[in-house]
Every structure is written in structure tokens, then in C-alpha cells.
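A quick write-up on the structure given underneath.
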Amino acid sequence: MIPAQRNVAIYVILTIVTCGIFGIYWMMVLNDDALAAAGESGTGGGTVVILTLVTCGIYGIYWAYQLGQRIDRINARYGRYTDNSGLLYLLLDILGLSIVVYAVAQNELNQYYTGSYANRY
């Protein structure tokens, strides 16, 4: 099952307007979409959100790194070899820019869903 594309601009605006509450939902669906795109099994989106809340955000930092690694594996399928997305997402999340992590990862997944990876690289 291929998840639907998500409008990054609207998701960013909704996250800002709701003071981050919509970002919790976005984190959950982003996790599940990345797992589906990579064809992997792993921690579900709801569990990721709960673990992030229980650990006061520490698990969220680890999750951002893992998301970057997963995005790199998805990119590698199309010959777009990157091995630093995990580090980039980790640094952005540590700096408090998790909304940027979500936006960049969502953009990557949207490109995967439309097949534009195959056309660009």
C-alpha cells in the first residue's frame, strides 16, 4: 500500500497554528509512511509518539536519526546514494528544528510516491 502524498506547506502551517499538536500526528504518520516506503517493519507511529512523550523528547531525537537512515535506504533504491541524512536529521532535531526534519523527510517521501526519483536521477 502506497500512502498518500502529504502537502508539506499545509502540514507546517497546521503544526505552527496548533502549537505543535498537529506535529505529533505528523510524526506518527511520517513514521508509518517511511516504514511502508522502505518495506520494513519497525516501531509503529503511535509507539514512537508515546516513547517520545515518556522520555521527554529523547526518543524523538533517536527516531529522527533512524528516519534519516531509512530515507537513505529508500534513496539508495534509485541510485541516489546518500549516507548523511541521519546525521542531518539528528542535528536539526537537537537544535529544536524537528519541524524541518518532518518537512524534509515528507518531501523525500512525496518524491518517492510520485516516482520522480526515477526521473531525476
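Side notes on the structure shown:
- Counting only helices (runs of 4 or more DSSP H) that sit wholly inside region 51-121, those with at least 1 residues that are at pLDDT 90 or above and not small (Gly, Ala, Ser) are 58-76, 85-94, 98-114.
- When Tyr62, Tyr112, Tyr89 are screened for being among the aromatic types (Phe, Trp, Tyr) and over 23 Å from Cys19 (Cα atoms), only Tyr112 passes.
- Reported count of residues in region 23-44, each being surrounded by 18 or more Cβ atoms within 10 Å (Cβ to Cβ) and farther than 18 Å from Ile71 by Cα, is 1.
The values are calculated or read from the model by the stated rules, or taken from the named source; none is laboratory data. Keep in mind that this is a model prediction, so the values were computed, not measured. Cβ atoms come from the backbone with ideal geometry, glycine included; neighbour counts cover every protein chain shown.
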